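Chemist: Okay, handing you the structure first.
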């Protein structure tokens, strides 16, 4: 990374690498057409689309993983290590984490496959891991299942390749955000934020918060960004733990969104869009969409893909997909309507891939170039 580049680490449930990026899609606000469709065998409720850099994968527990290349449907999902797959979790430093039903953890990379398996000693449903660089994994583990009490939790770091538990500390965390050399941890009640040393697990600092913190969602140029229960956004200095700035949005009481490759938070409610520059800590624009009979209804902020040339793509609660220029016009254009509930949106090779809860994948491209 050069001195002119901005390090961006941001969480998104449909990404495996904590690395934000604009969707590889043409910004065409016209109807799109179906390129191919595929039915997914097995438990459609557990199937997910997950992006890794510019590559896209279908996660199909318990069978395994299949890559989607855009021009054609995915092949059969491949099993990994002979264990039924339960979930695939995000990683930083070039690897995600696979969790199997038996409680095994392993690093996974699209180019290298799965690494050595770590047997956690708990069922897979008790684990919530994050992959770190150097082959390490940090996991929140429930020590008693199926109903763990407040004292039945631990935070642990392991090295599967070396077969070693690196450190462990009691307690449960609401969320973790990996940053260079450390981890930002949100306490189980949301009333405390702390920085942990990634090598030892020791607390570097801890700060109480007057409003519960819902999430530490991004690290952008030496700022950690937090979202609280009242919908406020705060910038935190990771070295001291001090709050250095606060923001509130007029168009979104609970600003959930996605972070693009330039370190901008895009918050789309379906009725409005806001863009926040997390580098400078300023609101770039807030636009309310025109109220029209054929316009979008509300959406969740995760169902949004930043597209190049200042466009966004999103799905509303009526399972319609819209393209809109962010900050240029208040008129999103419907490009497709799904026949069932949309559970995943992703992009690869200038193709939009839509997953619906009837177990079907649909690939779309613009009808006109």
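Chemist: Let me confirm something: among 56, 86, which residue is more than 14 Å from the chain's Cα centre (by Cα), more than 22 Å from residue 134 (Cβ to Cβ) and part of a strand (DSSP E or B)?
Modeler: 86
Chemist: Now for a different question. Looking at (1) touching a residue at least 40 places away in the same chain (Cβ under 8 Å); (2) in a strand (DSSP E or B); (3) surrounded by fewer than 17 Cβ atoms within 10 Å (Cβ to Cβ), which one does residue 294 not meet, given that it meets all the others?
Modeler: Every condition holds for residue 294 apart from (2).
Chemist: How many of the residues making up the stretch 321-346 are modelled with pLDDT of 85 or more and assigned to a strand (DSSP E or B)?
Modeler: Step one: list which residues in the stretch 321-346 are modelled with pLDDT of 85 or more, which gives 321-324, 332-346.
Add one more test, that the residue is assigned to a strand (DSSP E or B), and what stays is 321-324, 333-337, 342-346.
Total meeting the criteria: 14.
Chemist: Just one of the numbered conditions (1) closer than 30 Å to residue 226 by Cβ; (2) surrounded by 18 or more Cβ atoms within 10 Å (Cβ to Cβ) is not true of residue 74; which one?
Modeler: (1)
Chemist: Right, here's the next one. Inspect the stretch 117-129 for any residue being under 19 Å from residue 14 (Cα atoms), surrounded by 21 or more Cβ atoms within 10 Å (Cβ to Cβ), touching a residue at least 40 places away in the same chain (Cβ under 8 Å) and in contact with a strand residue (DSSP E or B) (Cβ under 6 Å, 6 or more places away or on another chain) and give the result as yes or no.
Modeler: Among the residues of the stretch 117-129, at least one is under 19 Å from residue 14 (Cα atoms), surrounded by 21 or more Cβ atoms within 10 Å (Cβ to Cβ), touching a residue at least 40 places away in the same chain (Cβ under 8 Å) and in contact with a strand residue (DSSP E or B) (Cβ under 6 Å, 6 or more places away or on another chain), which makes the answer yes.
Chemist: Another question, if that's okay. Any idea which of (1) at pLDDT 90 or above; (2) in contact with a strand residue (DSSP E or B) (Cβ under 7 Å, 6 or more places away or on another chain); (3) outside any strand (DSSP E or B) is the one residue 246 doesn't satisfy?
Modeler: If we test residue 246 against (1) at pLDDT 90 or above; (2) in contact with a strand residue (DSSP E or B) (Cβ under 7 Å, 6 or more places away or on another chain); (3) outside any strand (DSSP E or B), just (3) comes out false.
Chemist: Which condition breaks for residue 318 when tested against (1) surrounded by fewer than 21 Cβ atoms within 10 Å (Cβ to Cβ); (2) under 21 Å from the mean Cα position of the chain (by Cα); (3) modelled with pLDDT of 90 or more; (4) over 21 Å from residue 226 (Cα atoms)?
Modeler: (2)
Chemist: Run down 279, 259, 284, 267 and say which single residue is free of Cβ contacts under 8 Å to residues at least 40 places away in the same chain and touching a strand residue (DSSP E or B) at 6+ places or on another chain (Cβ under 7 Å).
Modeler: The conditions single out 267.
Chemist: Shifting gears a bit: Which of the residues that make up the stretch 353-369 are surrounded by 18 or more Cβ atoms within 10 Å (Cβ to Cβ) and part of a loop (DSSP other than H, G, I, E, B)? Can you show your working first?
Modeler: The first filter runs over the stretch 353-369 and keeps only residues surrounded by 18 or more Cβ atoms within 10 Å (Cβ to Cβ), leaving 353-356, 359, 361-366.
The one that is surrounded by 18 or more Cβ atoms within 10 Å (Cβ to Cβ) and part of a loop (DSSP other than H, G, I, E, B): 359.
Chemist: Same structure again: With respect to residue 367, is the statement that it is under 21 Å from residue 59 (Cα atoms) and out of contact with any helix residue (DSSP H, G or I) (no Cβ under 7 Å at 6 or more places or on another chain) true?
Modeler: Spelling it out, it is not the case that residue 367 is under 21 Å from residue 59 (Cα atoms) and out of contact with any helix residue (DSSP H, G or I) (no Cβ under 7 Å at 6 or more places or on another chain).
Chemist: With (1) more than 19 Å from residue 18 (Cβ to Cβ); (2) touching a residue at least 60 places away in the same chain (Cβ under 8 Å) as the list, and residue 132 as the residue in question, which single condition is left unmet?
Modeler: It fails just one condition, (1).
Chemist: Same structure again: Looking for something buried (at least 18 other Cβ atoms within 10 Å of the Cβ), modelled with pLDDT under 95 and part of a strand (DSSP E or B) - is there at least one such residue anywhere in the stretch 192-211?
Modeler: No - not one qualifying residue is present in the stretch 192-211.
Chemist: Out of curiosity, is residue 238 in contact (Cβ under 8 Å) with a residue 24 or more places away in the chain, part of a loop (DSSP other than H, G, I, E, B) and more than 21 Å from residue 118 (Cβ to Cβ)?
Modeler: yes
Chemist: Please specify each residue of the stretch 287-307 satisfying the condition of being modelled with pLDDT of 90 or more and touching a strand residue (DSSP E or B) at 6+ places or on another chain (Cβ under 6 Å).
Modeler: 296, 299, 304, 305, 306
Chemist: Return the residues of the stretch 170-187 that are more than 20 Å from the chain's Cα centre (by Cα) and part of a loop (DSSP other than H, G, I, E, B); say none if nothing qualifies.
Modeler: 171, 172, 181
The values are calculated or read from the model by the stated rules, or taken from the named source; none is laboratory data. Owing to the predicted nature of the structure, the values given are computational and were not obtained by experimental measurement. Quick reminder, even Gly has a Cβ in these numbers, built from the backbone with ideal geometry, and neighbours come from all protein chains shown.
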